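Could you have a look at this structure, given as structure tokens, before my questions?
The values are calculated or read from the model by the stated rules, or taken from the named source; none is laboratory data. For clarity, every value in this text was computed on a predicted model and none was experimentally measured. Here the Cβ positions follow ideal geometry from the backbone for every residue, glycine too, while neighbour counts run over all protein chains shown.
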């Protein structure tokens, strides 16, 4: 199921949501300026001496053809992603390994949120942010929503790095932070109607689904996929999605505007009331 839009007006102009979408798209276009055919060089010995492993993006055949001792060849674009992506093993070691950044290594938690692995990756993330972000921004206010978004990205990264602390694969993408937006939306507006595309064999169906169904199913898929991927490391940061979602669901309560009552709270109160309201 692919959500297309919701039917709940946000009541605000979502400046932060639109700004985040534009920033992600601009940085993705900038990322594309780095070549996938031109070669850059990484000091592989620094990685082996510190972590006992080859640097990310190591290609044995490419190294045999172009390698120069400690200098490991990678594409320019991979070099950029390794430099500004979040690498769990590098983060926990506290050492900024080549290619280094002009700021402390922990700052890569934030830079990695604005990089993406491909066109479908960035477009899919921005679609979800556009659908769910404006309503959550309306429930929190612009400033709190920006703080919320970044905090969800941090929560997503920490859970993923906690599950796979020795991974040297760069983590990139806004999906952890956007998962937090989805978690907040579920808590705030569980019964909002979401127009959803459902492919059935060769046919496309458009149906309206309550947010609690589509977002609950999404969370369940991430959870099951994460458990089955614990040993195989497919490259998808399932636990970042889970961490972001749970962070967002919890941060709703301290960051929402005064007077905003989350839909799940309303539902719970009605269930506990002897009169049903």
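For residue 221, all conditions in the list (1) in contact with a helix residue (DSSP H, G or I) (Cβ under 8 Å, 6 or more places away or on another chain); (2) at pLDDT below 95; (3) more than 30 Å from residue 51 (Cα to Cα) hold save one; what is the number of the exception?
(1)
Moving to a separate point now. Go through the range 50-60 residue by residue and tally those that are within 13 Å of residue 89 (Cα to Cα) and part of a helix (DSSP H, G or I).
2
Of the conditions (1) in a helix (DSSP H, G or I); (2) surrounded by fewer than 16 Cβ atoms within 10 Å (Cβ to Cβ); (3) touching a strand residue (DSSP E or B) at 6+ places or on another chain (Cβ under 7 Å), residue 63 clears all except one; give me its number.
Going through the list (1) in a helix (DSSP H, G or I); (2) surrounded by fewer than 16 Cβ atoms within 10 Å (Cβ to Cβ); (3) touching a strand residue (DSSP E or B) at 6+ places or on another chain (Cβ under 7 Å), residue 63 breaks only (2).
Return only the number of the condition from (1) surrounded by fewer than 20 Cβ atoms within 10 Å (Cβ to Cβ); (2) at pLDDT 90 or above that residue 252 does not satisfy.
Every condition holds for residue 252 apart from (1).
Which condition from (1) surrounded by 17 or more Cβ atoms within 10 Å (Cβ to Cβ); (2) touching a strand residue (DSSP E or B) at 6+ places or on another chain (Cβ under 6 Å); (3) within 17 Å of residue 132 (Cα to Cα) is the one that residue 193 breaks?
Unmet condition: (1).
Is it true that some residue in the range 17-28 is touching a helix residue (DSSP H, G or I) at 6+ places or on another chain (Cβ under 8 Å), assigned to a strand (DSSP E or B) and in contact (Cβ under 8 Å) with a residue 24 or more places away in the chain? Let's see the steps before the verdict.
First, pick out the residues of the range 17-28 that are touching a helix residue (DSSP H, G or I) at 6+ places or on another chain (Cβ under 8 Å): 17, 20-21, 23-25, 27-28.
Then drop every residue that is not assigned to a strand (DSSP E or B), which leaves none.
The answer is no, given that none of the residues of the range 17-28 is touching a helix residue (DSSP H, G or I) at 6+ places or on another chain (Cβ under 8 Å), assigned to a strand (DSSP E or B) and in contact (Cβ under 8 Å) with a residue 24 or more places away in the chain.
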